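To start, the structure itself, in structure tokens.
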There are 2 protein chains.
Amino acid sequence: MGAMTEGESVIQSIDRAAKILALLQGSRRMGISELAAALDLPPSTVHGIVKSLQAHGLVAQQPSGNRYVLGPALLKLSSVYLDTLDVRARAMRWMHELSSRTGFATRLGAELFGEVIVIHHDRRPDGTEQMPETGLTIPSHASALGKVLLAYDAAHATDALSRPLAALTADTVTDPDRVREGLEEVRRQALGFENEEAVIGESSVAAPICAEDGEVVAAVAVVMPSNEWPPTDAVVGALRDAARSISRDLGAPTWPPRPPAPAG
Amino acid sequence: MGAMTEGESVIQSIDRAAKILALLQGSRRMGISELAAALDLPPSTVHGIVKSLQAHGLVAQQPSGNRYVLGPALLKLSSVYLDTLDVRARAMRWMHELSSRTGFATRLGAELFGEVIVIHHDRRPDGTEQMPETGLTIPSHASALGKVLLAYDAAHATDALSRPLAALTADTVTDPDRVREGLEEVRRQALGFENEEAVIGESSVAAPICAEDGEVVAAVAVVMPSNEWPPTDAVVGALRDAARSISRDLGAPTWPPRPPAPAG
DNA sequence: CCAGACGATTCGGTATTATCGAATGGCTTT
DNA sequence: AAAGCCATTCGATAATACCGAATCGTCTGG
């Protein structure tokens with residue numbers, strides 16, 4: 001499937017089960033034969049796997065009858081997953097301060113299979129109703145968070161930029177080389193920018209977060225309406241402060257991070 | 001594990017994989033042999049399963065080396081799971097209004113294997129830093145949400161009350177019969193109460209939410225500091241309004257729900 | 001109201017597949 | 001420096017999951 005050169009010792013049924021979960025992740029509700037067709041397997045095989053997943057609450061069939069969806073057990077699992085992340089625990093406090101100071105929503109993101117996954121989200125402090133964004137995934141090339149993570153993780157970059165880049169808006173940069181050029185600047189400033197490249201009307205700035213060993217493990221972003229673009233020095237300053245504080249709490253030796261040896 | 005009288009056609013490796021996820025959910029970080037001991041299986045078997053899960057991001061080994069934790073893919077999956085819930089989509093709007101009106105945090109909960117899982121959480125409107133509670137699970141017998149869900153779902157009640165009830169605080173009711181008695185009152189009022197039965201300093205009131213077919217599918221609660229207990233009529237009124245509005249949006253024919261035929 | 005088709009589900013034989021035990025390698029501990 | 005612990009690899013074995021066909025239920029169209 002991917003560029004998985006290594007690893008051929010995956011257990012078949014678990015592999016298939018995971019693929020089923022991934023399929024249900026894409027098209028929210030599917031029938032057995034639909035899944036079977038997608039995986040090119042006999043329906044009876046898929047049925048056995050789905051029922052096994054269902055027994056553990058990992059999938060559920062909706063009352064309507066014959067269609068399956070992701071199950072509630074995933075929610076509990078993910079909740080525990082979030083609790084195991086030191087980065088998140090440490091970041092929450094500073095992100096809340098950052099949101100309060102700037103008046104904007106903030107996000108914490110990490111890499112997941114070449115994309116960015118939002119690990120924590122602190123809402124805009126106004127009383128507005130806002131969707132929780134934790135768990136959202138965003139293409140790396142179209143987000144400030146992603147650009148920062150790409151800039152400091154070569155493996156991530158080659159992975160993410162080797163496949164076609166989706167155009168989410170008219171301003172999305174879809175040429176891998178142009179994205180790569182931008183990363184140079186990201187490293188120089190230890191800041192990533194994005195102006196309506198993922199969502200129209202929404203722009204963001206991000207900064208890297210380092211762990212004990214000095215590696216960049218996450219990024220924190222301020223998300224603002226595009227009509228407030230570009231961010232003021234005060235916003236950028238607060239962002240840098242937050243990123244530095246979180247990194248310090250994690251035991252990072254330096255901040256901003258020492259860029260990895262450029263391949264040029 | 002539970003009282004699963006039926007179902008003996010679960011695929012072994014998937015069953016084991018799910019159990020491993022559940023174990024990691026309990027004790028956040030475990031080694032291979034630790035898992036093997038818990039499942040009474042040879043380490044090599046467990047290793048194979050864990051590696052397969054790892055290949056899909058369902059578990060991850062922490063940089064430290066030889067311990068495994070739940071993986072980031074679970075977060076993305078759960079995020080999609082939440083999106084598939086009509087109840088949640090409909091409830092969010094009304095819950096936000098409820099939080100604004102009352103000044104308290106609100107929760108939306110559903111049943112998961114005899115417990116309550118928090119499906120949505122709207123923070124207190126003050127600027128305080130607050131943990132996101134979505135994904136949290138709470139014992140049914142010790143929460144207002146749980147009592148409401150128990151009151152209208154006989155299967156849930158027999159399931160949850162057939163096993164020993166944990167005492168989370170001094171005020172937790174641990175006698176199944178006493179819990180059951182309380183449910184009668186819950187049905188009469190279409191309201192569940194809980195005063196420091198789960199967390200010291202925290203109390204809550206909950207109301208049922210019905211779906212198209214009239215069945216109770218979830219419950220919504222207002223969570224308040226115990227020093228504000230008992231809730232004012234205004235709070236209870238707002239809660240009932242919210243529950244009724246959500247149910248109406250879901251197409252429920254009546255509210256409050258018609259109680260199921262009591263077994264007396 | 002009936003006939004037909006589609007999809008989910010069940011069942012049992014077969015061979016593929018996961019499992020397991022033993023051996024290796026890496027790491028920390030004493 | 002040695003020893004123990006733990007993760008990991010490998011290969012033979014038989015237990016296991018897989019698959020195809022048959023069944024059941026439901027929805028569609030006549």
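Computed from the Cβ-Cβ distance with R0 of 45 Å, the FRET efficiency linking B:ASP86 to B:SER33 stands at 0.55.
Counting 0.36 nm for each residue step from A:HIS47 to A:SER64 and taking away their Cα separation leaves a gain of 4.4 nm. Note on B:123-133: average number of Cβ atoms from other chains within 10 Å of each residue's Cβ is 3. B:LYS147 contributes about 30 Å² of solvent-accessible surface, heavy atoms of the protein only, 1.4 Å probe.
Mean per-residue shielding of peptide A:92-104 is 1, counting Cβ atoms of other chains within 10 Å of each Cβ. Which residues in region A:51-67 place their backbone N less than 20 Å from a point set 7 Å from the Cα of A:ALA22 along the Cα-to-Cβ direction? Hits in region A:51-67 for A:ALA22 at 20 Å: A:51-54, A:58-60. Compared with the rule-of-thumb size 2.2 N^0.38 Å for a compact globular protein, region B:168-215 has a Cα radius of gyration ratio of 1.33.
Dividing the summed -39500 (n - 2.57) terms of all DSSP H runs of n ≥ 4 by the residue count of chain B sets its mean residue ellipticity at 222 nm at -13500 deg cm²/dmol. Remark: region A:85-250 carries 41 Å² of accessible area per residue (probe radius 1.4 Å; ligands, DNA and RNA excluded).
Ordering B:ALA105, B:PRO43, B:THR134 by the projection of their Cα atoms onto the charge dipole of the protein assembly as shown, which places +1 on the Cβ of Lys and Arg and -1 on the Cβ of Asp and Glu, puts B:PRO43 at the extreme positive end. 3J(HN,Hα) along region A:120-132: 7, 8, 10, 5, 4, x, 5, x, 4, 6, 9, 5, x Hz, from the Karplus curve 6.51 cos²θ - 1.76 cosθ + 1.60 with θ = phi - 60°, whole Hz, x for Gly and Pro. Scanning residues 5 or more positions from A:GLY71 or on other chains, those with amide H under 5 Å from its amide H are A:VAL59, A:ALA60, with H placed 1.01 Å from N in the peptide plane. Computed over every Cα-Cα pair of region B:9-112 and binned at 5 Å starting from 0, the pair-distance distribution P(r) comes out as 2, 11, 18, 17, 12, 10, 10, 8, 7, 4, 1, 0 percent.
Count the net charge of all other residues whose Cβ sits under 12 Å from the Cβ of B:GLU197, scoring Lys and Arg as +1 and Asp and Glu as -1.
On the way: positive: B:LYS147, B:ARG178; negative: B:ASP171, B:GLU194, B:GLU196, B:GLU202.
Local net charge: -2.
Over the residues of region B:115-264, compute the C-alpha Rg and express it relative to 2.2 N^0.38 Å. Walk me through the numbers before you get to the answer.
Working: Rg = 14.8 Å, N = 150, 2.2 N^0.38 = 14.8 Å.
For region B:115-264, the normalised Cα radius of gyration is 1.00.
On C-alpha positions alone, give me the angle between the axis of helix B:43-55 and the longest principal axis of chain B, in degrees, nearest 10. That works out to roughly 60 degrees. Our summary of shape: the Cα atoms of region B:61-153 have principal axis extents of 49, 36, 26 Å, ordered from largest down, in whole angstrom. Taken residue by residue and averaged, Cβ atoms of other chains lying within 10 Å of the Cβ of B:64-75 number 6.
Along region A:154-166 the Karplus relation, 6.51 cos²θ - 1.76 cosθ + 1.60 evaluated at θ = phi - 60°, assigns HN-Hα couplings of 4, 4, 4, 4, 4, 4, 5, 8, 8, 10, x, 9, 6 Hz to successive residues, with x for each Gly and Pro.
Direction-averaged projected area, Cα convex hull, the protein assembly as shown: 25.6 nm², rounded to one decimal.
Ignoring any ligand, DNA or RNA, what whole percent of the accessible area of the protein assembly as shown comes from carbon and sulfur when the probe is 1.4 angstrom?
The value for the protein assembly as shown is 52 percent carbon and sulfur by accessible area.
Leaving ligands and nucleic acids aside, the A/B contact buries around 5200 square angstrom of accessible area in total at a 1.4 Å probe radius. Placing a label point 7 Å from Cα along the Cα-to-Cβ direction at A:TRP229 gives distances to the equivalent points in the other copies of 5.0 nm, listed shortest first.
Going from the alpha-carbon gyration tensor of chain B, what semi-axes, largest first and in whole Å, does one get by taking the root of 5 times each eigenvalue? Show your work: numbers first, answer last.
Values: eigenvalues 247, 92, 68 Å².
Semi-axes, largest first: 35, 21, 19 Å.
Semi-axes of the equivalent ellipsoid of region B:12-71 are 15, 12, 11 Å, computed as sqrt(5λ) over the eigenvalues of the C-alpha gyration tensor in descending order.
Here's how it looks for A:LEU112: its modeled amide H is under 5 Å from those of A:ILE117, which are all 5 or more places away or on a different chain. Reported value for region A:113-171: 107 Å³ per residue, from the convex hull of its C-alpha atoms. Remark: C-alpha extents of region B:177-264 on the principal axes read 38, 32, 19 Å, sorted largest to smallest.
With Cα atoms defining each centre, region A:200-264 and region A:26-65 are spaced 41 Å apart in the structure. For chain B, the longest principal axis of the alpha carbon atoms and the long axis of helix B:86-102 meet at an angle near 50°.
The charge dipole of chain A, taken about its Cα centre with unit charges on the Cβ of Lys, Arg, Asp and Glu (plus for the first two, minus for the last two), comes to roughly 700 debye.
Each label point was placed 7 Å from the Cα along the Cα-to-Cβ direction; for B:ALA155 and A:ASP175 their separation is 5.8 nm. Summarising the amide proton neighbourhood of A:GLU202: residues at separation of 5 or more, or on other chains, whose placed amide H is nearer than 5 Å comprise A:GLU196, A:SER226.
Suppose every K and R has +1 on its Cβ and every D and E has -1 on its Cβ; what is the size of the dipole of region B:164-264 about the Cα centre, in Debye to the nearest 20? Provide the component values of the computation, followed by the final result.
Details: 8 positive and 17 negative charges, 75 e Å.
That gives a dipole near 360 debye.
One chain, two ends: B:GLN12 and B:ARG188. Fully extended at 0.36 nm per residue, the span grows by 58.8 nm beyond their Cα-Cα distance. For region B:71-101 versus region A:160-186, the spacing of their alpha-carbon centroids is 31 Å.
The values are calculated or read from the model by the stated rules, or taken from the named source; none is laboratory data. It should be emphasised that the depicted structure is a prediction, and the values quoted were computed from it without experimental measurement. Positions of Cβ are generated from backbone atoms using ideal geometry, with glycine treated the same way; all protein chains shown enter the neighbour counts. Surface areas here come from the heavy atoms of the whole protein model, side chains and all, with no ligands, DNA or RNA. Shrake-Rupley method; radii C 1.70, N 1.55, O 1.52, S 1.80 Å.
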